[in-house]
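*Asks:* Mind having a look at this structure? Questions to follow.
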Amino acid sequence: MSSLRSNVVHQRTGQPIQQGPPQTVTAGFVLDALRRWWKVSLPLGLILAATAASVVYVLFEPVYEAEAYLEIKDAKPYVAFRDQDSSRRFVQTQIALLRTPMVLSRVVSNPEIARLPEFKTKLDPFLELREKIKIETVGGSELLRVAYAGPSAVNAAKILNAVVDSYLKLHEEADARRVQQVIELLETQRTAKRKIVEQLRQEYKNLSKSVTGEDPFVTEKKQIRPDPLGDLENELARLEVDRALLEARTRVFKEQIEKEDITVTEAVIDQAVEGNPEIQQAEAILKARRESLADYDAKYTEKGKDNPRYLKLKKTIEEEEKELAELRETTRKKIQASIADSQLAQRKAELARMEAEVKDRKLQEQLLREKCDSGVEDRTLATGLSVELEYGRVELERAEKVFDLISQRVEQLRTEQRAPPRVTLWQKATPPTGPVKDNPNKLMAISAMGMFCLPFFLAVVWERLIGRVSDSHRFEEATRIRVVGEIARLPARNKVFQGGSAERAGRGITLFEESIDSLRTYLVLSENLKEMKALAVTSSVNSEGKTSVAIQLAVSIARASGQPTLLIDGDMRSPDIHRKLDIPLEPGLAQVLNHECTLEEAIVTDWSKYLHLLPAGVLRASPHKLLGNGAVRPLFDQIRESYRYVIIDTPPILAASEALVLAKAADAALVCAMRDVSRIDQIRRTEQRLASAGTKPIGVVLNAVPGSRYAYQYGNYAYSRE
């Protein structure tokens, strides 16, 4: 292709013509495309816009959003004993709890909810519900907004109330179970501590009698003295209570791990199974085989289904279905075991954390106990009392304090069981009075506008693909081929005779004649063409106006020069000049080339004084045979001796290759292109073929330019014909 481009020579510079950049989509290009296609695009766009708007309106489903409000207090309500808690962590925990399978699985497993259209056709109702539940805090308040949106107002409220009720019930059960469990653990510890206190009391009583001879619990003598170890003993008692409670919780948690089986919800397992890559690949293969089998079923009759290939495919599908079922079961067990192992590992990690915390508490308790014991020894030495007796008294007091603390904790928890709940339902969901998306006008407008613009967009794309000539300037930029002239469009006869259009038709005829005369002036006065005698007027394909340009150009040259001019109809396949000028078709060029008559006998000289005509004649042999035997060049040399100007109307270059023979025999070639019809790529190939054949292409003349556009570009300077 590059070699062909280098052969196209610009007539003004003599340099090879290079192909320009592809035609860019500018504003002018878009306007030209719309100008050509608006009569089709406008009604089609209106139809598509109306259809799109109607489809959106019919398919549009209003969305109703039900909402409920929960109140989560920053501080836990209490009756008499205030409990310190992290409100932020508590709120985040409740938001996460609302989305968990523990809450939502109860909802979707409810038969009344499962029968609703929102979940009846869903493969995984749990995931559908979790995706549509919206949870958000209202500003900086204690309110939590929970919302659900669906196509039915009643169902939306019903589903949301089921979610809220499930959550509140689960929260209440979990909170009550946790408090009751703590109370039971504390009661167990209190019973054990009561026995220890009674035992220490008896030991201390016996020791006191043996040392002092007195019963410390019945004597009225009281020693009031400051106790510097009181704070340490109180802290030691508190640590002992906390450690005992934590040990009890750890023991219960460990028993739960050992006794309770870990259950994994079916929805979670199903989701993991469907997402397994191996199963997805097997399903894809099986789907393709089933489609092939369906094609066989549609193609063959019952007798044809005995085909071995059909039977083999059917058997393969049955085997693969069985293998897939086995793979699903195996994968399901593995996934279930994996999830269970993961949850067990999490529980064991939590147990290890609790056991480590127990060890840490024991270490703190041991260090504090050693400190207390050291203080007891120091106080014993200072007072002179028996060490054993003082130790016994301290141990008894410490055990009594622990017992009292446990009793206080039990009473606190029992008292606070009657406290108001921390999470309350502030507003229950009711069916919304109106949908949140009740007006499809916006979506209808967007869809209608998009579909309305679609035909215009396709028109621009189509014009970009076919690349038609619409403007001489853009054509030259895209091809680097020179446009030597533009021919105004000749008004159609049916418009000339319509009432009130005679003056306009006259202006159109004047512009047409002026554009032809302008082209003739350029050709006659151009320095590069001053030696030219024979000019071939051609085109890329048919119906591009070359015959009309050739006739009018020949008339203009003959009239202006007053010298003998010959117009040759070289299109022997589809001659047209004889019909337009009303002359006989034969004898003509075909008969001259076939030596059936002489040149003088074929030329029509009585049509005009200075313009003579050589019709195409009747073709009785292949045009390639007539033009390829070397007779064209001598014939044209003979014609040049008798005529100053010769205009040759050739066949289209791309459609009839013999046109290159006529163009090469001429002195130059002029390519005709019709505005809004001719294609840029075809003109480019025509120029390349002319240049490759050794002709001298002048450039392109663009015809059928609207009179208004021609007048705008070149002016309208008419003269009086009176």
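FYI, it's all coordinate maths here, none of it is from the lab. On a predicted model such as this, the values are computed, not experimentally measured, just so you know. FYI the Cβ positions are ideal-geometry reconstructions off the backbone, even for glycines, and counts take in every protein chain you see.
*Asks:* When you count, for each residue, the other Cβ atoms within 10 Å and take the mean per peptide, how do 151-164, 188-201 rank with the highest first?
*Replies:* 151-164, 188-201
*Asks:* Just in region 579-612: which GluC sites (Glu not before Pro) are loop by DSSP and have at most 16 other Cβ atoms within 10 Å? Intermediate results must be reported in sequence, preceding the final value.
*Replies:* Working: sites: Glu596, Glu600, Glu601; in loops: Glu596.
In loop regions of region 579-612 (DSSP not H, G, I, E or B), the sparsely surrounded GluC sites (Glu not before Pro) are Glu596.
*Asks:* By a straight-distance test (C-alpha under 24 Å), which lysines pair with Lys442 as possible cross-link partners, with residues fewer than eight away in the same chain excluded?
*Replies:* Correct list for Lys442: Lys132.
*Asks:* If amide H atoms are built 1.01 Å from N in the plane of the peptide, which residues on other chains or at least 5 residues away come under 5 Å of the amide H of Val63?
*Replies:* Residues meeting the criterion, in which the H sits 1.01 Å from N, are Val436, Lys437.
*Asks:* A further question follows. May I ask you to order 558-568, 174-184 by the average number of other C-beta atoms within 10 Å around their residues, highest value first?
*Replies:* 558-568, 174-184
*Asks:* What FRET efficiency, computed as 1/(1 + (r/R0)^6) with R0 = 25 Å and r the Cβ-Cβ distance, is obtained for Ser109 and Ala340, rounded to the nearest 0.05? Intermediate values should be presented prior to the final figure.
*Replies:* Values: r = 21 Å, r/R0 = 0.83.
Given R0 = 25 Å and the Cβ-Cβ separation, E is 0.75.
*Asks:* Considering the options Leu239, Ser210, Gly150, tell which one lies farthest towards the positive end of the dipole of the chain, charges being +1 on Lys and Arg and -1 on Asp and Glu at the Cβ, about the Cα centre.
*Replies:* Going by the charge dipole, the pick is Gly150.
*Asks:* What's the ranking of 108-116, 609-617 by average number of surrounding C-beta atoms within 10 Å, highest first?
*Replies:* Put in order of decreasing packing, that is 609-617, 108-116.
*Asks:* Still on this model: What list of ³J(HN,Hα) couplings, whole Hz, do you get for region 131-139 from phi and the Karplus terms 6.51, -1.76, 1.60, once you set θ to phi - 60° and write x for glycine and proline?
*Replies:* Calculated HN-Hα couplings, in order: 6, 8, 6, 10, 10, 7, 7, 8, x Hz.
*Asks:* Express as a percent, rounded to the nearest 5, the fraction of DSSP beta bridges in the chain (both residues included) that run antiparallel.
*Replies:* 45 percent
*Asks:* Thr137's amide H: which non-local residues (gap 5+, or another chain) put their own amide H closer than 5 Å, with H modeled 1.01 Å from N in plane and none for Pro or chain starts?
*Replies:* Arg145
*Asks:* Per residue, what volume in Å³ does the convex hull of the Cα atoms of the chain enclose?
*Replies:* Taking only Cα atoms, the chain has a hull volume of 362 Å³ per residue.
*Asks:* What ³J(HN,Hα) values, in whole Hz, does the Karplus curve 6.51 cos²θ - 1.76 cosθ + 1.60 give for region 312-319 when θ = phi - 60°, with x put for Gly and Pro?
*Replies:* Once θ is set to phi - 60°, the couplings for region 312-319 become 5, 5, 5, 5, 4, 5, 4, 5 Hz.
*Asks:* In terms of modelled amide H atoms, which long-range or inter-chain residues lie less than 5 Å from the amide H of Val483?
*Replies:* Val700
*Asks:* Let me ask another. Distance in nm between label sites at Asp517 and Arg418, each 7 Å beyond Cα in the beta-carbon direction?
*Replies:* Placing both labels 7 Å along Cα→Cβ, they lie 11.9 nm apart.
*Asks:* With a sphere of radius 11 Å drawn around the Cβ of Gly562, what net charge do the other residues whose Cβ falls strictly inside it have (Lys, Arg +1; Asp, Glu -1)?
*Replies:* Surrounding charge for Gly562 is +3.
*Asks:* Moving on to the next point. Do any of Lys120/Lys322; Lys209/Lys359; Lys120/Lys428; Lys205/Lys371; Lys254/Lys371 go past 31 Å between their Cα atoms, and which?
*Replies:* On the way: Lys120/Lys322 28 Å; Lys209/Lys359 38 Å; Lys120/Lys428 25 Å; Lys205/Lys371 25 Å; Lys254/Lys371 33 Å.
Distance filter (> 31 Å) returns Lys209/Lys359; Lys254/Lys371.
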